[in-house]
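A.B. asks: Provided herewith is a single structure, encoded as structure tokens, for subsequent inquiry.
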Amino acid sequence: MALILKYTVLLPTYNERENLPLIVWLLVKYFGESGYDYEIIVIDDGSPDGTLEVAEQLQKIYGEDKILLRPRAKKLGLGTAYIHGIKHATGSFIFIMDADLSHHPKFIPEFIEKQKEGDYDLVSGTRYQGDGGVYGWDLRRKLISRGANFVTQVLLRPGASDLTGSFRLYKRKVLEGLIERCVSKGYVFQMEMIIRARQLDYSIGEVPISFVDRVYGESKLGGNEIVSFLKGLLTLFATT
């Protein structure tokens, strides 16, 4: 498959029927205004709330060349969702972001400009530099996120300020190579991607972003995720 200068957005979804029309509309708006070629790949993991049916309607509105549906039968994890999506991507650059509107597509042109500026292998959105920030989180979640980043900085020295965020732009080949090497699941996965990138001497650019807690639906960060994060962090510390 010949790659062209196109940006592929991978949108893994699970119970996002309210959010999906908004995030897709915003993506179409900001890509359209900036003039970049793009496609959006929706990877729904068997959402019981009808997310896939909403995605099918969006495909009719925006066209099959812009909205690609690559659903799976059940929830199989973020890493495998990206692998699944990449197989169907035609872009030479790939955005990963959340479909719950916590990542605003208005930052996409800034990611693209930052990548071009330094020919970076990946550009990561950061909540902890410049004008970046977090909105809608209670103190507990802010402390967990800050603490997770601090502990990781101390143990692993990753060369990036925001490790657990999931709004990033990758060169396609870089993303493919990183995913092949990553073994973590859940909350730790995004962090391992950055750690592996540093190991492989990939260049990392950063764009300050504002992160807004999910608009509709329930947050998926609970006690189990925190325990999993700490276990995963120690595993990475022992193996990298």
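The values are calculated or read from the model by the stated rules, or taken from the named source; none is laboratory data. Computed from a predicted structure; not experimentally measured. Reconstructed Cβ throughout: ideal geometry from the backbone, glycine too, with neighbour counts over all protein chains shown. Just so you know, the surface numbers come from the protein's heavy atoms only, side chains and all, with ligands and any DNA or RNA stripped out. Shrake-Rupley method; radii C 1.70, N 1.55, O 1.52, S 1.80 Å.
A.B. asks: Quick one: ALA89 ticks every box in (1) open to solvent by less than 10 Å² (accessible area, probe 1.4 Å); (2) at pLDDT below 90 bar one, so which box is it?
C.D. replies: Unmet for ALA89, out of (1) open to solvent by less than 10 Å² (accessible area, probe 1.4 Å); (2) at pLDDT below 90: (2).
A.B. asks: Just wondering, is there one or more residues in the stretch 60-73 that are touching a Lys or Arg at 6+ places or on another chain (Cβ under 8 Å), farther than 22 Å from MET193 by Cβ and of a type in the set (Gly, Ala, Ser)?
C.D. replies: no
A.B. asks: Next question, about the same structure. Tally time: how many residues in the stretch 141-191 are part of a helix (DSSP H, G or I) and modelled with pLDDT of 85 or more?
C.D. replies: Final tally of qualifying residues: 10.
A.B. asks: Does any residue in the stretch 102-120 that is more than 21 Å from VAL24 (Cα to Cα) and in a helix (DSSP H, G or I) come within less than 7 Å, Cβ to Cβ, of a residue that is at pLDDT 90 or above and not aromatic (Phe, Trp, Tyr) six or more places away or on a different chain, and which pairs are these?
C.D. replies: LYS114/VAL123; LYS114/GLY205; LYS114/VAL207; GLN115/VAL123; GLN115/LEU169; GLN115/GLY205; GLY118/SER203; GLY118/GLY205
A.B. asks: Of all the strands (runs of 3 or more DSSP E) wholly in the stretch 1-96, which have at least 1 residues that are without any contact (Cβ under 8 Å) to a residue 60 or more places away in the chain?
C.D. replies: Values: elements: 4-13, 38-44, 67-69, 91-96.
Passing ranges, in order: 38-44, 67-69.
A.B. asks: Name every residue in the stretch 95-115 that is among the basic types (Lys, Arg) and over 12 Å from GLU206 (Cα atoms), in order of residue number.
C.D. replies: Passing the criteria: only LYS106.
A.B. asks: Considering only residues that are farther than 21 Å from ASP49 by Cα, charged (D, E, K, R) and open to solvent by 50 Å² or more (accessible area, probe 1.4 Å), which ones fall in the stretch 61-84?
C.D. replies: Just the residues of the stretch 61-84 that are farther than 21 Å from ASP49 by Cα, to begin with: 62-66, 79-80, 82-84.
Filter once more, so that each one left must be charged (D, E, K, R): 64-66.
Scanning the stretch 61-84 gives GLU64, ASP65.
A.B. asks: Same structure again: Being in contact with an Asp or Glu (Cβ under 9 Å, 6 or more places away or on another chain), among the charged types (D, E, K, R), surrounded by 20 or more Cβ atoms within 10 Å (Cβ to Cβ) and at pLDDT below 95 is the requirement here; does ASP45 meet it?
C.D. replies: So ASP45 fails the test.
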